[in-house]
Amino acid sequence: MSEANAQQIQTVTKPAHFTVSAEIDGFPVVIELEGKADALRQLIDKLKAIGATAPQKASTAPAKPAGAPVCSIHNTPMKASRKPGSYFCPRQIDGGAYCPEKG
Ligand SMILES: [Zn+2]
């Protein structure tokens, strides 16, 4: 890359989006914040100052539900669909259509 090219590229400082989970006196709190990492640091310092703690459990949904059926076409585990108890294959078949396999 030449120097002239390097100058044309502008660094776009897009504010990052943070979601901070904390507990204050046992109450779960979620704070959404947009800005730089510095702002996040300040927020966490402030939270600690008012007695907030990190949540005891990560509130992430299980990535892979146990017992997911396996697609008979792709031989890969299916994904849980929005409808509880049913699964779909997230892969594609020839032609770009979604895999018709359902669990
Ligand atoms: Zn499939």
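Bear in mind these aren't lab numbers, they're just calculated from the coordinates by the rules spelled out. Here the structure is a predicted model, which is why all the values come from computation and not from measurement. Don't worry about glycine lacking a Cβ; one is built from the backbone with ideal geometry, like all the others, and counts go over all protein chains shown.
Data for the structure
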read-out: Sequence of D38, D94 once ranked by neighbouring C-beta atoms within 10 Å, starting from the fewest; value: D94, D38
read-out: Calculated FRET value between H17 and K79, using beta carbons and R₀ = 25 Å, to 0.05; value: 0.50
